[in-house]
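The values are calculated or read from the model by the stated rules, or taken from the named source; none is laboratory data. Predicted, not measured: the structure shown is a model, and the values here were computed from it. Glycine also receives a Cβ, built like all others from the backbone with ideal geometry; neighbour counts cover every protein chain displayed.
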Amino acid sequence: MASTRRIVVIGAGPGGLCMGAKLREAGFDDFVILEQADGVGGTWRHNSYPGAACDIPSHLYSFSFERKNDWSRAYATQPEILDYFEQFATKYGLEPHLRLGS
């Protein structure tokens, strides 16, 4: 009898996206990432007010296994950080696993 695994990741912010990428890397494909918002990015999607930016060096917002070395400035703005996470989700094939608005 074959066993199946069902994994649910709560949230498509940085932690949820990282977990999804690592699950795929480990050979798991039977998982979903539940996200309340209409897209990935967590706080970087929710907080889109004028002037929103990180308060730590930008390079700390990229995963160690997917470094971004070409940030436009030392303390990146919200749109640039959000773009990094959106591109990450695409590159690591996470879209089929996302359940947005859930």
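Tell me the residue from Glu25, Glu35 that is charged (D, E, K, R) and out of contact with any Leu (no Cβ under 6 Å at 6 or more places or on another chain), please. Residue meeting the stated conditions: Glu25. Taking the conditions exactly as written (in contact with a His (Cβ under 9 Å, 6 or more places away or on another chain) and charged (D, E, K, R)), does Arg99 satisfy them or not? Considered against the rule, which asks whether it is in contact with a His (Cβ under 9 Å, 6 or more places away or on another chain) and charged (D, E, K, R), Arg99 comes out as no. Phe63 fulfils the conditions (1) within 23 Å of His97 (Cα to Cα); (2) out of contact with any Cys (no Cβ under 8 Å at 6 or more places or on another chain) except for a single criterion, (2).
Can you name the residue in segment 28-52 that is loosely packed, with under 11 Cβ neighbours inside 10 Å and either modelled with pLDDT under 95 or among the basic types (Lys, Arg) (or both) and is also nearest to Ile7 (Cα to Cα) among such residues? So that I can check it myself, show each step before the final result.
From segment 28-52, those loosely packed, with under 11 Cβ neighbours inside 10 Å are 30, 38, 49-51; that's our starting set.
Subset that is either modelled with pLDDT under 95 or among the basic types (Lys, Arg) (or both): 30, 49-51.
Values: Asp30: 7, Tyr49: 34, Pro50: 37, Gly51: 37 Å.
The qualifying residue nearest to Ile7 (Cα to Cα) is Asp30.
Report yes if Arg73 is more than 21 Å from Ala21 (Cα to Cα) and at pLDDT 95 or above, otherwise no. In short, yes. If the condition is being farther than 18 Å from Gly15 by Cβ, outside any loop (DSSP other than H, G, I, E, B) and touching a helix residue (DSSP H, G or I) at 6+ places or on another chain (Cβ under 7 Å), then segment 47-77 contributes only Ala53. In segment 36-56, the count of residues that are in contact (Cβ under 8 Å) with a residue 24 or more places away in the chain and in contact with a strand residue (DSSP E or B) (Cβ under 6 Å, 6 or more places away or on another chain) is one or more.
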